[in-house]
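See below for the structure under consideration.
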Amino acid sequence: MKKALITGINGQDGSYLSEYLLSIGYEVYGMIRRQSVSENQSYRIQNLNQKIKTFYGDITDKKSIDNILSEVNPNEIYNLAAMSHVRVSFEVPSFTINVNSLGVLNLLEAYKDICPEARFYQASSSEMFGNSIDSDGFQRLTTPMNPTSPYGCSKVLAYNLVNHYRNAYDLHASNGILFNHESPRRGTNFVTNKVVKGAVEIKKGLKKNLELGNLDSSRDWGHSYDYVRAMHLILNNKQPRNWIVATGENRTVRELCAYVFDRLELNYENYIIQNKKFIRPEELKYLKGDASEIKEKLGWQPEYTFNTMIDEMIDLWMRKIS
Ligand code: NAP
Ligand code: F7E
């Protein structure tokens, strides 16, 4: 039985990845941070509590990583832990770099020294490209990285550290550069789930309008369930290397709003208010990823479309909010 250790196990992707790895016969271990309200840290994984084993730890605390790696001796390490909110990263830039870059350095050091035979996955991000776009309108592995946020900068450093440790110490360490991916488990301060929840509240008469920031930026939105399957394929490829995971389609935030409100038989133009609070000091305007390599070489295919994903989110909020 293979053993997987997931940092960020109680996050959106960590919960889907745990379910997927359990379903294909893995033993699953995870690192969680202590939170003052313990219910908050486990609501996404509470149905898995009997099946997974979790340890308190923090990727900024090297000692905690050493202890967990020594105890578990994993075959696969998935580093999903991060301060993952781009706008918030402008407010806590040092914290973001500390967790998302130095935390990864801590993990790589511990991995190299304690279990170098394991395979390592780093949750890299399309936010690393910033506003670089190839002439055909896509981002790919060769697109220059010009990040436009502390979050993007932190992920570029982590990405380079993973490449360096792979080359210098002959480790099976890979970066998955994942474009935006969502689900009903997405935090409600990310735009997809914020729009869906807000529109359902308006539909049910609980709210009069929804405040958003930039409606003109475009994102390539896939489903977390599909993207965690890509993470597993990446680690199970013989050669460690970097990959792009994306749908290859993008939409503006305005188009997202139009789709969601339309499904609820509402006109978004009557309800959306722009609030400067949600505009970022520098905006990343356009993301669309070229995932042809992972499709051709590893056979990855998403099961969800944009519409089926958003419909699933709408159905959940319609049931949840009375
Ligand atoms: P998420 O829901 O915000 O989950 C992040 C997880 O990291 C949470 O479990 C969080 O724990 C944990 N964490 C934060 N700081 C930590 C620390 N210092 N030590 C240990 N754990 C820590 O994010 P996600 O959407 O699942 O994304 C997973 C990873 O993929 C992240 O690294 C993110 O940056 C990256 N990524 C995401 C996307 C996307 O669109 N979702 C795209 C590209 C890359 P708490 O609950 O205690 O905060
Ligand atoms: O914003 C615009 C906002 O916060 C998407 C993270 O998972 O994906 C995610 O980062 C777009 C941006 O995601 C609001 O300006 C408008 O253009 O949902 P988001 P993100 O910043 O793209 C990348 C790939 C990651 O790696 C990150 O971890 O929507 N937008 N109005 C808004 N965004 C938010 N959050 N709230 C608004 O009110």
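Within the option set R254, R229, R241, being touching a strand residue (DSSP E or B) at 6+ places or on another chain (Cβ under 9 Å), in the same structural domain as Y26 (by TED's automatic domain parsing) and either basic (K, R) or near ligand 2 (Cβ under 9 Å from one of its atoms) (or both) holds for one residue only, R241.
What about E201, is it of a type in the set (D, E), exposed (fewer than 15 other Cβ atoms within 10 Å of the Cβ) and away from ligand 1 (no atom under 16 Å from the Cβ)? Taking the combined requirement at face value, the residue does not satisfy it. Scanning segment 136-144 for any residue that is assigned to a helix (DSSP H, G or I) and either farther than 30 Å from K3 by Cβ or not assigned by TED's automatic domain parsing to the domain that holds I9 (or both) turns up nothing. Every listed requirement among (1) loosely packed, with under 15 Cβ neighbours inside 10 Å; (2) within 16 Å of ligand 2 (Cβ to nearest atom) is met by N100 save one, (1). Close contacts from segment 181-195, counting a first residue that is of a type in the set (D, E, K, R) and a second that is surrounded by fewer than 22 Cβ atoms within 10 Å (Cβ to Cβ) and outside any loop (DSSP other than H, G, I, E, B), with Cβ to Cβ under 7 Å and a gap of 6+ residues or different chains, come to E182/N193; R186/N193.
If I ask for residues that are within 21 Å of S183 (Cβ to Cβ) and out of contact with any helix residue (DSSP H, G or I) (no Cβ under 8 Å at 6 or more places or on another chain), which ones from segment 35-53 would you list? Listed by number, the residues that qualify are E39, N40, Q41, S42, Y43, Q46, N47.
Taking each residue of segment 270-290 that is closer than 13 Å to N214 by Cβ and hydroxyl-bearing (S, T, Y) and looking for partners that are near ligand 2 (Cβ under 7 Å from one of its atoms) and at pLDDT 95 or above with beta-carbon atoms closer than 8 Å, six or more apart or interchain, yields Y286/S217. When segment 167-198 is limited to residues that are in a helix (DSSP H, G or I) and crowded, with 20+ Cβ neighbours inside 10 Å, the one that is nearest to ligand 2 (Cβ to nearest atom) turns out to be V191. I need the helices (runs of 4 or more DSSP H) fully contained in segment 1-94, keeping only those with at least 1 residues that are free of Cβ contacts under 8 Å to residues at least 60 places away in the same chain, within 11 Å of ligand 1 (Cβ to nearest atom) and not assigned by TED's automatic domain parsing to the domain that holds V156. Hits in segment 1-94: none.
Looking across segment 95-116 at every residue that is farther than 27 Å from L284 by Cβ and of a type outside the set (S, T, Y), the one that is farthest from ligand 1 (Cβ to nearest atom) is identified as P116.
Please determine whether any residue of segment 311-322 is touching a strand residue (DSSP E or B) at 6+ places or on another chain (Cβ under 9 Å) and outside the structural domain of S89 (by TED's automatic domain parsing). So far as segment 311-322 goes, yes, one or more of its residues are touching a strand residue (DSSP E or B) at 6+ places or on another chain (Cβ under 9 Å) and outside the structural domain of S89 (by TED's automatic domain parsing). The residue of segment 38-96 that is surrounded by the most Cβ atoms within 10 Å (Cβ to Cβ), among those that are within 21 Å of C153 (Cβ to Cβ) and of a type in the set (G, A, S), is A81.
Spot the failing condition for N237; the list is (1) exposed (fewer than 13 other Cβ atoms within 10 Å of the Cβ); (2) farther than 30 Å from T148 by Cα; (3) under 21 Å from the mean Cα position of the chain (by Cα), and only one is missed. Of (1) exposed (fewer than 13 other Cβ atoms within 10 Å of the Cβ); (2) farther than 30 Å from T148 by Cα; (3) under 21 Å from the mean Cα position of the chain (by Cα), only one is false for N237: (1).
Among the conditions (1) part of a helix (DSSP H, G or I); (2) in the same structural domain as V88 (by TED's automatic domain parsing); (3) within 20 Å of F90 (Cβ to Cβ), the only one that T148 does not satisfy is (1). Within this structure, N106 fails the test of being buried (at least 18 other Cβ atoms within 10 Å of the Cβ), at pLDDT 95 or above and closer than 25 Å to E182 by Cβ.
The values are calculated or read from the model by the stated rules, or taken from the named source; none is laboratory data. Note that the structure is predicted; figures quoted are calculated from it, not measured. Heads up, the Cβs are rebuilt from the backbone with ideal geometry, glycines too, and the neighbour counts pull from every protein chain shown.
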